[in-house]
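*Asks:* I'd like to ask you about the structure that follows.
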Amino acid sequence: MTNKDRIEGKVTETKGKLTGDDSEELKGKTQNKYGKAKDKVEDFADDISRKVNDFFDKKDDDKPKH
């Protein structure tokens with residue numbers, strides 16, 4: 001999954017490399033890493049949500065039907 005932070009970070013990093021601006025390059029790398037971390041957190045939250053939903057769906061299936 002690509003997000004805005006990763007794209008902007010890569011652009012900023014490349015701009016820093018092209019202009020020789022180490023500070024700008026570092027800023028871009030940091031933003032890119034932040035975007036990757038955000039993706040991992042979102043993936044983790046989705047996985048947990050899916051597992052909780054599956055758990056409740058299973059509980060509903062185990063209830064006796066009247």
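Just so it is clear, none of the values below were taken in a lab; they were calculated from the coordinates. Because the structure is predicted, anything quoted here is derived from the model rather than measured. Cβ coordinates were reconstructed from backbone atoms using ideal geometry, including for glycine residues, and neighbour counts include every protein chain displayed.
*Asks:* Given an 8 Å cut-off on Cα distances and at least 6 residues of separation, report the relative contact order of the chain as a percent.
*Replies:* Relative contact order comes out at 30 percent.
*Asks:* If you don't mind, another one. To test your reading of the geometry: what angle, between 0 and 90 degrees and rounded to tens, separates the Cα axis of helix 22-62 from the longest principal axis of the chain?
*Replies:* Roughly 0 degrees, rounded to the nearest 10.
*Asks:* K38: which lysines have alpha carbons under 29 Å from its alpha carbon, excluding same-chain residues fewer than 8 sequence positions away?
*Replies:* K4, K10, K15, K17, K27, K29, K51
*Asks:* Can I ask one more? For a Förster distance of 35 Å, can you work out the FRET efficiency between the beta-carbons of K17 and I48, rounded to the nearest 0.05?
*Replies:* Step by step, r from the Cβ atoms, then E = 0.40.
*Asks:* Separate question: From the convex hull of the Cα coordinates of the chain, what is the mean projected area in square nanometres?
*Replies:* Across all orientations, the chain yields a mean hull projection of 4.8 nm².
*Asks:* In nm, give the distance between the simple-model label positions of K4 and K38, each being 7 Å from the Cα along the Cα-to-Cβ direction.
*Replies:* Simple spin-label model gives 0.7 nm for this pair.
*Asks:* A further question on this structure: What aspartates and glutamates does K33 reach when the alpha-carbon gap must be under 17 Å and sequence neighbours fewer than 8 apart in one chain are set aside?
*Replies:* Reachable aspartates and glutamates: D5, E8, E13, D22, E24, E25, E42, D43.
*Asks:* From the helices alone, meaning DSSP H stretches of at least four residues, give me the mean residue ellipticity at 222 nm for the chain, per-run term -39500 (n - 2.57), in deg cm²/dmol to the nearest 500.
*Replies:* Rounded to the nearest 500, the figure is -31000 deg cm²/dmol.
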